[in-house]
Every structure is written in structure tokens, then in C-alpha cells.
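Since the structure comes first, as C-alpha cells, the remarks are kept for the end.
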Amino acid sequence: MADSAPEGEPRHHAGTLPISQLPDKGRVACQGRVESVTFLPADQAAAFSAMVSDAEPGRLAARAGGRRGRLRVVWLGRRRVPGIEAGAEIRLEGMLSMNNGLPTMFNPRYEILSRQEDE
């Protein structure tokens, strides 16, 4: 079967949006690559967060008018989320809101699509 995406561009699951094309709020399904994760000290309330951006920032940002999408994802009550690590490509589904100027999704459903191999 032929690929629907041009060579070198990520394939998006049906109904998912690139991070750069997310609306300001509402229920969304999107996909991107984990840039970084944040671990909080043990003396703070349990929360695990990750910054997710477009999987291929150069190609998608060019189509989005030069805007590179970034999304903060927060799992409340968790110190770690298995499989969520820098470099992993993930699909997320949940309610999107703005929090401190960044699109943010709390406790989303997630699916790990791929992980970077250690070199």
C-alpha cells in the first residue's frame, strides 16, 4: 500500500493534528515528538510533565506559516509515565487549554508511536 504522506514527513493517524495546528481550546487528538520531560522534587506535589512539538519541525512549521507548535502535557499525581521520554513520538487525546501562555493538556490519553534508538 502506498504512503499517504510525502517521503520524510511523519504520517499522522486519521483525525490527529500536528501540534502547530492545534486550536486554542477544546477536545483534540494530536501527535508530536517529546522534546523534554520534567521531574519534580519529592517534596512537591506529584506531577510529571513533558514538552511535545511537531515531529518534523522544519517541514510542518513551513506549512503553518513559520509557527512551530509546542504543547505542554501534564500528568497530575504521577512521578513518571512509562514510555514518555525525550525523542518518543506520541499521539495524545484530551482537553486542550491555555496555561501560562502555552497550550496545555492535563492527564491525556496517550499512545507511544515510536521511540528513538540509542546510538
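Every number here is computed from the coordinates shown, using simple stated rules; none is lab data. Nothing here was measured: the structure is a model prediction, and the numbers come from that model. Positions of Cβ are generated from backbone atoms using ideal geometry, with glycine treated the same way; all protein chains shown enter the neighbour counts.
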Long-range amide H partners of Leu113, meaning residues 5 or more apart or on another chain whose placed amide H is closer than 5 Å, are Glu89, Ile90, Arg91
If I take R0 = 22 Å and measure r between the Cβ atoms of Leu76 and Arg109 in this structure, what FRET efficiency does the formula 1/(1 + (r/R0)^6) give, to the nearest 0.05? 0.95
